[in-house]
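Notes to accompany the following structure.
The values are calculated or read from the model by the stated rules, or taken from the named source; none is laboratory data. Just so it is clear, the structure is predicted and the values come from calculations on it, not from any experiment. So basically every Cβ, Gly included, is an ideal-geometry build from the backbone, and we count neighbours across all protein chains shown.
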Amino acid sequence: MTQMKNYLVTGAAGFIGANYIKYLLQHFDDVRIVVLDALTYAGYLGTIHEDIDNERCVFVKGDIGDAPLVQQLFQEYKFDVVVNFAAESHVDRSIENPQLFLQTNILGTQNLLQAARTAWVTGKDEQGYPTWRAGVRFHQVSTDEVYGSLGDEGYFTEQTPLCPHSPYSASKASADFVVLATRDTYKMPVSITRCSNNYGPYQFPEKLIPLIINNVLHKKPLPVYGQGLNVRDWLYVEDHCRAIELVIRQGQDGSVYNVGGHNEMRNIDIVKIIIQSIRTIMDEEPQYRSLLADGSSTEWIDESLITFVKDRLGHDARYGIDPTKIGNDLGWRPETPFAQGIQKTIRWYLDHYEWVKAVTRDDYQQYYEKMYQHR
């Protein structure tokens with residue numbers, strides 16, 4: 001009989017976390033999941049309402065900084081694995097309110113680590129280091145933004161010094177240091193993945209790709225920072241989820257793994273691809289035209305919608321990930337080229353536009369919380 005593993009997955013009502021639990025439930029029969037999410041602006045219960053409240057996945061509303069709650073969950077569910085997605089994650093919001101990001105991303109992570117230490121330590125070895133319950137792992141989901149900005153050449157490796165340039169990336173870098181310090185001090189089993197920009201289903205429409213898709217459909221201006229020359233490496237979200245679980249199951253304790261998509265693109269080029277792709281779909285498949293603000297014509301779907309806006313403060317010029325280590329050590333490769341992934345993503349948003357309308361409702365959170373309470 002397969003030995004079940006109990007996972008605490010924090011922040012799993014958000015974009016990547018939600019895709020991760022869907023991936024786990026689909027591909028692994030040996031996992032039970034507790035989702036802990038505070039349901040802030042980026043976490044939406046409706047994204048995962050079909051996945052929770054069954055014998056394999058339950059939902060708890062709460063903050064990772066709530067020490068009594070987190071300790072109670074560890075006592076009740078005997079977690080083997082913690083996967084920490086919980087974070088305030090939007091750079092623009094971090095510029096407006098840095099303190100919130102420091103509170104959640106640093107102190108919240110420390111609270112999870114403390115609860116794991118309390119639950120997992122079984123004694124001390126001859127050197128005085130804690131001994132740990134077999135099979136446990138704390139996994140921190142981080143970002144390539146902790147490395148700072150690149151020039152036109154070169155890539156971030158796991159040895160690249162951390163040099164964050166925004167309150168968001170500084171808070172994520174600090175959390176990484178706390179996780180690694182816990183490993184060095186207590187020999188706690190930990191791992192970290194640092195990923196490039198994710199895209200795919202269920203991403204909130206404030207992020208670049210779903211924002212552009214949604215604005216095109218509404219015939220709204222398409223805001224592009226500066227001249228749109230900032231370069232990002234784009235990673236399809238399911239490829240990222242596969243990498244995370246591979247690291248948890250086979251990665252070396254105490255290691256950091258970069259996870260990149262080999263898909264470097266300028267922001268302006270992504271916007272142009274989305275414009276052209278939506279127009280082509282609307283011309284060839286007229287059943288989708290009902291989603292358009294002006295469904296009678298597609299002539300207005302062109303680059304005239306692009307509006308260049310004042311550049312973001314501290315906007316990094318280029319990110320580029322070198323995922324050689326995870327490839328050599330664990331055999332992971334990104335399976336979704338950008339040309340394929342962006343088409344899948346656009347079609348997902350067109351086919352699930354009710355989800356987009358729901359998450360942009362003012363009462364969306366209350367609606368799904370009420371539905372959850374009556375299940």
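Scan the stretch 77-95 and tell me whether some residue there is surrounded by 15 or more Cβ atoms within 10 Å (Cβ to Cβ), in contact with an Asp or Glu (Cβ under 7 Å, 6 or more places away or on another chain) and not small (Gly, Ala, Ser). Yes, there is a match, as at least one residue in the stretch 77-95 is surrounded by 15 or more Cβ atoms within 10 Å (Cβ to Cβ), in contact with an Asp or Glu (Cβ under 7 Å, 6 or more places away or on another chain) and not small (Gly, Ala, Ser).
Assess whether Ser304 counts as being within 27 Å of the chain's Cα centre (by Cα), in a helix (DSSP H, G or I) and among the small types (Gly, Ala, Ser).
Working: within 27 Å of the chain's Cα centre (by Cα): no; in a helix (DSSP H, G or I): yes; among the small types (Gly, Ala, Ser): yes.
No; evaluated as a whole, the condition is false for this residue.
Screening Pro164 with (1) within 30 Å of Ile21 (Cβ to Cβ); (2) out of contact with any strand residue (DSSP E or B) (no Cβ under 9 Å at 6 or more places or on another chain); (3) touching a residue at least 60 places away in the same chain (Cβ under 8 Å) gives one miss only, at (3).
Condition check: touching an Asp or Glu at 6+ places or on another chain (Cβ under 9 Å) and closer than 25 Å to Phe138 by Cα. Does Ala181 satisfy that? Reasoning before the result, please.
Working: touching an Asp or Glu at 6+ places or on another chain (Cβ under 9 Å): no; closer than 25 Å to Phe138 by Cα: yes.
No: the conditions fail for Ala181.
In this structure, does Asp63 turn out to be closer than 29 Å to Thr345 by Cβ and surrounded by 17 or more Cβ atoms within 10 Å (Cβ to Cβ)? Answer is no for this residue. Restricting attention to the stretch 151-161, the residues that are in contact (Cβ under 8 Å) with a residue 24 or more places away in the chain, assigned to a loop (DSSP other than H, G, I, E, B) and within 22 Å of the chain's Cα centre (by Cα) total 3.
Select from the stretch 127-150 the residues that are assigned to a loop (DSSP other than H, G, I, E, B) and in contact with a strand residue (DSSP E or B) (Cβ under 6 Å, 6 or more places away or on another chain) and list them in ascending order. Working first, answer last.
Going through the stretch 127-150, the residues assigned to a loop (DSSP other than H, G, I, E, B) turn out to be 127-129, 133-136, 148-150.
Once the filter is applied, which keeps residues that are assigned to a loop (DSSP other than H, G, I, E, B) and in contact with a strand residue (DSSP E or B) (Cβ under 6 Å, 6 or more places away or on another chain), the stretch 127-150 yields Arg133, Leu150.
Look at (1) modelled with pLDDT of 95 or more; (2) surrounded by fewer than 24 Cβ atoms within 10 Å (Cβ to Cβ) and you find that Ser166 fails only one, number (1).
Within the stretch 13-42, work out how many residues are surrounded by fewer than 24 Cβ atoms within 10 Å (Cβ to Cβ) and of a type in the set (Gly, Ala, Ser). Residues that pass the stated criteria total 2. Scanning the stretch 252-262 for residues that are crowded, with 22+ Cβ neighbours inside 10 Å, within 27 Å of Lys5 (Cα to Cα) and either in contact with a helix residue (DSSP H, G or I) (Cβ under 7 Å, 6 or more places away or on another chain) or aromatic (Phe, Trp, Tyr) (or both) yields Tyr257, Asn258, Val259.
I'd like to know if the stretch 249-264 contains one or more residues that are aliphatic (A, V, I, L, M), part of a helix (DSSP H, G or I) and within 19 Å of the chain's Cα centre (by Cα). Before you say what the answer is, go through the steps one by one.
Start the filter on the stretch 249-264 by keeping residues that are aliphatic (A, V, I, L, M), which leaves 256, 259.
So of that shortlist, the ones also part of a helix (DSSP H, G or I) come out as none.
No, the conditions are met nowhere in the stretch 249-264.
Tell me whether the stretch 111-130 contains one or more residues that are in contact (Cβ under 8 Å) with a residue 12 or more places away in the chain, touching a Gly at 6+ places or on another chain (Cβ under 9 Å) and of a type in the set (S, T, N, Q). Yes, there is a match, as at least one residue in the stretch 111-130 is in contact (Cβ under 8 Å) with a residue 12 or more places away in the chain, touching a Gly at 6+ places or on another chain (Cβ under 9 Å) and of a type in the set (S, T, N, Q).
Has the stretch 169-188 got any residue that is under 23 Å from the mean Cα position of the chain (by Cα) and assigned to a loop (DSSP other than H, G, I, E, B)? Looking through the stretch 169-188, none of the residues is under 23 Å from the mean Cα position of the chain (by Cα) and assigned to a loop (DSSP other than H, G, I, E, B).
Annotation: of all residues in the stretch 221-237 being within 22 Å of the chain's Cα centre (by Cα) and more than 17 Å from Leu313 (Cβ to Cβ), the one that is surrounded by the fewest Cβ atoms within 10 Å (Cβ to Cβ) is Val231. For the stretch 225-236, the count of residues that are modelled with pLDDT under 95, closer than 19 Å to Ser149 by Cβ and among the small types (Gly, Ala, Ser) is at least one.
When the stretch 317-338 is filtered for residues that are modelled with pLDDT under 95 and either among the aromatic types (Phe, Trp, Tyr) or farther than 13 Å from His262 by Cα (or both), the ones remaining, listed by number, are Ala317, Arg318, Tyr319, Phe338. Restricting the stretch 63-81 to residues that are β-branched (Val, Ile, Thr) and not in a helix (DSSP H, G or I) leaves a set whose member that is farthest from Gln114 (Cα to Cα) is Val81. Screening Asn111, Asn105 for residues that are outside any loop (DSSP other than H, G, I, E, B), surrounded by 16 or more Cβ atoms within 10 Å (Cβ to Cβ), of a type in the set (S, T, N, Q) and in contact with a Lys or Arg (Cβ under 8 Å, 6 or more places away or on another chain) leaves exactly one candidate, Asn105.
Any chance you could count how many residues in the stretch 333-351 are hydroxyl-bearing (Ser, Thr, Tyr), in a helix (DSSP H, G or I) and under 24 Å from Pro323 (Cα atoms)? Qualifying residue count for the region: 1.
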